[in-house]
1. Which residues' amide hydrogens lie under 5 Å from the amide hydrogen of C271, considering only partners 5 or more residues apart or on another chain, with H built in the peptide plane?
2. Which order, highest average first, do 72-85, 303-316 follow once you tally other Cβ atoms within 10 Å for each residue and take the mean per peptide?
3. Would you calculate a helix-derived [θ] at 222 nm for the chain, using -39,500 (n - 2.57) for each DSSP H run of n ≥ 4 and dividing by the full residue count, to the nearest 500?
4. Between (1) 54; (2) 27; (3) 44, which matches percent of Cα pairs over 32 Å apart calculated for the structure shown?
5. For A129, enumerate residues with amide H under 5 Å from its amide H, sequence gap 5+ or separate chain, H modeled in the peptide plane.
6. Are there GluC sites (Glu not before Pro) in the stretch 225-288 that DSSP puts in a loop and that have at most 10 other Cβ atoms within 10 Å, and which ones?
7. With a 10 Å cut-off between alpha carbons and a GNM built on the chain, which of M214, M110, M71 moves the most?
8. Would you kindly enumerate the cysteines in the chain that have no other Cys beta-carbon under 4.7 Å from their beta-carbon?
Amino acid sequence: MKDKLKLIQEKALAAFQEAKEIKDIDELKVKFLGKKGELTAILKEMGKLSAEERPVIGQLANEVRAEIEKMLEESKKRLEAAEMAIRLEKEKIDVTMPGKERPEGHKHPMSIVIDEISEIFRGMGYEVADGPEVEKDYYNFEALNIPANHPAKDEQDTFYINGDILLRTQTSPVQVRTMEKGKLPIRMVCPGAVYRSDEVDATHSPVFHQMEGMVIDKNVTMGDLKGALEVFAKELFGENTKVRFRPHHFPFTEPSAEMDVTCFACGGEGCRVCKGEGYIELLGCGMVHPKVLKMSGIDPEEYSGFAFGMGLERVAMQRYGITDLRLLFENDVKFLKQF
């Protein structure tokens with residue numbers, strides 16, 4: 001039996017030395033030390049030994065087991081180290097190589113225009129307000145003196161969710177909600193996305209952006225409106241910018257006007273961009289209709305105010321000489337890198 005134990009130890013040593021992978025070590029452990037392994041099979045025969053031989057063979061068997069376990073651990077560490085060396089060789093990084101440049105993003109031209117205009121009005125003492133894009137019919141139309149039979153409420157122009165809920169067609173509802181709070185005086189602007197049922201082309205989109213503004217206080221006049229908007233135009237387009245007001249009609253203001261600014265392309269000389277007029281339409285404005293004030297809980301006998309609104313895509317297109325509105329929404333990186 002001593003010879004068998006020594007033979008098992010020699011076979012185990014040779015087998016562990018020849019092992020190439022970790023899984024080989026696990027297989028050898030089962031082969032020599034498992035319940036049906038070679039060493040276990042020998043130990044099962046100890047019952048046939050005499051009382052004198054049993055402790056001697058038992059001690060030798062324990063020594064062989066300990067030696068096999070030692071070989072197992074050493075072989076396992078050797079193979080793990082070898083596998084790690086191979087893995088490190090495959091995954092090594094040359095720290096001297098230059099890193100990959102990751103281009104930084106920047107503001108979209110629409111965000112640039114919105115932020116710049118907002119800052120101009122903040123500098124004039126206005127607050128920037130926000131409101132829901134999914135709006136009630138009352139705030140989008142009725143509270144702005146737009147009755148049920150008004151063409152603007154036609155389903156062909158407006159995205160209705162149901163009879164009372166719609167996607168706002170203008171940012172004016174934010175003005176109404178601000179007036180309803182009853183905190184006077186009011187000086188505010190409200191930029192945001194609006195929705196109308198338009199076909200997509202070079203100058204139209206079903207989603208675009210507006211910024212509307214409003215001032216409500218005692219003794220506010222049309223002169224205050226013209227003065228504020230002239231300051232705004234000069235801040236946005238340059239000190240030499242001139243403004244022109246033309247009579248118009250809006251249901252929520254009376255009197256109403258449209259404001260033109262000096263053509264950015266020709267400086268007022270007349271060109272194909274402004275169709276020879278020297279001016280380009282920028283926004284609509286007017287004195288807040290007394291009925292609108294009254295519906296929002298403000299006494300039109302004591303308070304007056306003005307309001308204005310502009311399409312921000314139009315401002316961006318004029319500012320940067322963009323001829324197709326769709327370029328602002330297509331997210332072409334080559335186009336956006338210009339700004």
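No lab work stands behind these numbers, since they all come straight from the coordinates. Because the structure is predicted, anything quoted here is derived from the model rather than measured. No Cβ is skipped: glycine too gets one built from the backbone with ideal geometry, and neighbour counts run over all protein chains shown.
1. It is G276, E277, G278, by chain and number.
2. On the way: 72-85: 13.7, 303-316: 21.6.
Taking the mean over residues of other Cβ atoms within 10 Å, the ranking is 303-316, 72-85.
3. Details: 11 runs with 137 residues, N = 339.
Rounded to the nearest 500, the figure is -12500 deg cm²/dmol.
4. (1)
5. Under 5 Å from the amide H of A129: V189, C190.
6. Numbers: sites: E230, E235, E239, E258, E269, E277, E281; in loops: E239, E269, E277.
Answer in residue order: E239.
7. M71
8. Unpaired cysteines in the chain: C190, C285.
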